[in-house]
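Working notes for the structure below.
Bear in mind these aren't lab numbers, they're just calculated from the coordinates by the rules spelled out. Because the structure is predicted, anything quoted here is derived from the model rather than measured. Cβ sites come from the backbone with ideal geometry, for glycine too, and all protein chains shown count toward neighbours.
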Amino acid sequence: MNEICRRIEQNLLQRGIAVKCVSAARWGKARSSALCLVMPGLQDVFYRLCRTQPRTGIYSGRKILMGEVVLDGHKHSLYLPLLNYQSEMERRLGFRLERESPSMEQTGRYRFKMCFPVDKEKVDLSTIEEIAGVLTEFILVTSDYIRKIQAAKTG
């Protein structure tokens, strides 16, 4: 995960965007091994990278690497308007964006995710590069739409 996060930082820096990679402990998840990428100008919105093994859903029982944009607390200001652009974002990315389940959204978790099955314990360099490239595009595309929504609201 650290290597993927480092490569995402490099990819974004090449495009003129400086991000900070911090531990999830900053958001009160002291035991979490997740890494968070904080974009300049996006208050309370961040990108999270973590390893997980879901108990339910299409990835049930599989080890996955998950990248997500965390929009908790921004249901009406960002998340719902971003849903209007979901198909457009997916078209630009060439991948399907996943949402939290309706029951999780009811608890205040508003996120778009990309999941990568990694059934092996050690991920090879080409896979790391591929995942970092896809997640870089995910960050660029979603942040474009987030900024577009914020600009429309502030006028």
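Worth a mention:
- Entries in LYS75/LYS148; LYS113/LYS148; LYS75/LYS113; LYS63/LYS113 that, when Cα-Cα distance is taken, lie over 18 Å: LYS113/LYS148
- In a fully extended conformation the segment linking PHE95 and ARG51 would gain 13.9 nm over its present Cα-Cα distance, using 0.36 nm per residue.
- Note on GLU105 and ASP44: the extension gain reaches 20.2 nm, defined as 0.36 nm multiplied by sequence separation minus the Cα-Cα distance.
- Taking label positions 7 Å along the Cα-Cβ direction at both GLU88 and CYS21, the computed distance is 3.1 nm, reported to one decimal.
- Equivalent ellipsoid, the chain (semi-axes from 5 times Cα gyration tensor eigenvalues, Å): 23, 19, 16
- Helix runs (DSSP H) in the chain reaching 20 Å along axis by Cα, Kyte-Doolittle at least -1.0: 125-154
- Under the criterion of Cα pairs below 8 Å and six or more residues apart, the relative contact order for the stretch 70-134 equals 38 percent.
- Cβ-based charge dipole, the chain, positive-most Cα from LEU35, THR52, GLN106: GLN106
- Across the stretch 58-65, computed HN-Hα scalar couplings (Karplus, 6.51 cos²θ - 1.76 cosθ + 1.60, θ = phi - 60°) run 6, 9, 3, x, 9, 7, 10, 9 Hz from first to last residue, x flagging Gly and Pro.
- The stretch 96-149, dipole about Cα centre (Lys/Arg Cβ +1, Asp/Glu Cβ -1), debye to the nearest 20: 320 debye
- The calculated FRET efficiency for the pair GLN150 and LEU13, based on their C-beta separation and a Förster distance of 35 Å, comes to about 0.95.
- Here the chain is treated with +1 on each Lys and Arg Cβ and -1 on each Asp and Glu Cβ, and its dipole about the Cα centre works out to around 340 debye.
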